[in-house]
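Shown next, in structure tokens, is the structure this report addresses.
The values are calculated or read from the model by the stated rules, or taken from the named source; none is laboratory data. These figures come from a predicted structure and were not determined experimentally. Positions of Cβ are generated from backbone atoms using ideal geometry, with glycine treated the same way; all protein chains shown enter the neighbour counts. Ligands, DNA and RNA are excluded from the accessible area calculation, which covers all protein heavy atoms including side chains. Shrake-Rupley method; radii C 1.70, N 1.55, O 1.52, S 1.80 Å.
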Amino acid sequence: MLSAEQIQSNWDRYINEITNSFSKERTDILLPFLDKYKERMMMMPASSKNWHHSAFAGGYTDHVLRVFDCANKLYETWKSMGGDISTYTVEEMHFAALFHDLGKMGQQEGEYYQPNDSQWHVDKLGMIYKFNTDIPAMKVPERSLFILQEIGCKVTQNEFITIKIHDGLYDESNKFYFMSGQKETRLRTHLPLLMHQADHMAAQIEFELWNNSANPKSTSKPSNATKGDKMLRAAKKVTNNPNLSKATIGVIDSFFKD
């Protein structure tokens, strides 16, 4: 969960990264659009399930910024290991990182995620949000590209391919790009691979943050723990064993009676 201050801070940084990363031609289109849907986009999650990643208010911006940061780190790794960074620009990498999940906002006239009104799904499956079935079904990467063309924001070929296939082989339709059987159809740039790695990395980190928060690790013993407490807990485990006879359980119980 994020505080109101964290949500606002993330949004301010998100807008600042966009302002400083792209040309005026692009920001003149993107900034008014983002301002129009500011309230929705500031508060929307990055996924529907609490164990997936960032399924909380403000989770979308938090996730996108983490992908942005991971992409910048991975860019330096690819560069230092001899990757050919001349096949794309840093602006293209930043654009793909900041808008790869834009489709999670839904349509302009209908949001994608809605609070789940089924308590059973929330409690049993961790589905904090449900999908809005009143808008057309569309994959998130494709909806991201649809929205960008809808508002008149041009994308380069590198950006188009990277956004479209950033889910990697989690989407079987991406096999053409990731499992080419001949050199002519191999990806001409590693940018889609970098972005998939950045997205996967961010999502895994977000899962670990959630998991550690939901299941805090205790490394210290209770201050009032005694050897007797340990024996009693061990005995309780034993007495719950269905394979023991009532007589044996009775003998064990007798040790702890006053």
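Annotations
- On inspection, Lys130 does not qualify as closer than 24 Å to Leu34 by Cα, in contact with a Phe, Trp or Tyr (Cβ under 8 Å, 6 or more places away or on another chain), touching a residue at least 60 places away in the same chain (Cβ under 8 Å) and open to solvent by less than 40 Å² (accessible area, probe 1.4 Å).
- Some residue of the range 73-84 being buried (at least 16 other Cβ atoms within 10 Å of the Cβ), under 15 Å from the mean Cα position of the chain (by Cα), under 17 Å from Glu159 (Cα atoms) and not β-branched (Val, Ile, Thr): no
- Residue within the range 149-166 that is within 26 Å of Lys79 (Cβ to Cβ), surrounded by fewer than 19 Cβ atoms within 10 Å (Cβ to Cβ), at pLDDT 95 or above and not β-branched (Val, Ile, Thr) present: yes
- In the range 55-79, residue farthest from Thr19 (Cα to Cα) [restricted to those that are hydrophobic (A, V, I, L, M, F, W, C) and assigned to a helix (DSSP H, G or I)]: Trp78
- The range 38-65 - residue that is touching an Asp or Glu at 6+ places or on another chain (Cβ under 9 Å) and aromatic (Phe, Trp, Tyr) and, of those, surrounded by the most Cβ atoms within 10 Å (Cβ to Cβ): Tyr60
- Filtered residue count, the range 129-144, keeping only those that are touching a helix residue (DSSP H, G or I) at 6+ places or on another chain (Cβ under 6 Å) and either outside any helix (DSSP H, G or I) or hydrophobic (A, V, I, L, M, F, W, C) (or both): 1
- Enumeration of residues in the range 80-90 that are in a helix (DSSP H, G or I) and within 23 Å of Phe160 (Cβ to Cβ): Ile85, Ser86, Thr87, Val90
- For Ser144: the one exception among (1) surrounded by 15 or more Cβ atoms within 10 Å (Cβ to Cβ); (2) out of contact with any His (no Cβ under 9 Å at 6 or more places or on another chain); (3) of a type outside the set (Asp, Glu); (4) without any contact (Cβ under 8 Å) to a residue 60 or more places away in the chain: (2)
- Filter result for Leu2 (buried (at least 20 other Cβ atoms within 10 Å of the Cβ) and within 23 Å of Asn132 (Cβ to Cβ)): no
- Among residues of the range 90-137, those that are at pLDDT below 95 and over 15 Å from the mean Cα position of the chain (by Cα), counted: 27
- Each residue in the range 124-147 was checked for being aromatic (Phe, Trp, Tyr) and farther than 21 Å from Asn158 by Cα, and 2 pass.
- Selected residue [open to solvent by 30 Å² or more (accessible area, probe 1.4 Å), among the acidic types (Asp, Glu) and part of a loop (DSSP other than H, G, I, E, B)] from Asp123, Asp117: Asp117
- If you go through the range 14-23 and keep only what is surrounded by 14 or more Cβ atoms within 10 Å (Cβ to Cβ) and assigned to a helix (DSSP H, G or I), you end up with Tyr14, Ile15, Glu17, Ile18, Ser21.
- Selection status of Asn50, touching a helix residue (DSSP H, G or I) at 6+ places or on another chain (Cβ under 6 Å), over 21 Å from Val155 (Cβ atoms) and either among the polar types (S, T, N, Q) or without any contact (Cβ under 8 Å) to a residue 12 or more places away in the chain (or both): no
- If you check Ser9, Ser47 for being hydroxyl-bearing (Ser, Thr, Tyr) and not in a helix (DSSP H, G or I), only one passes: Ser47.
- Within the range 159-184, tally of residues that are in a loop (DSSP other than H, G, I, E, B), in contact with a helix residue (DSSP H, G or I) (Cβ under 6 Å, 6 or more places away or on another chain) and without any contact (Cβ under 8 Å) to a residue 60 or more places away in the chain: 1
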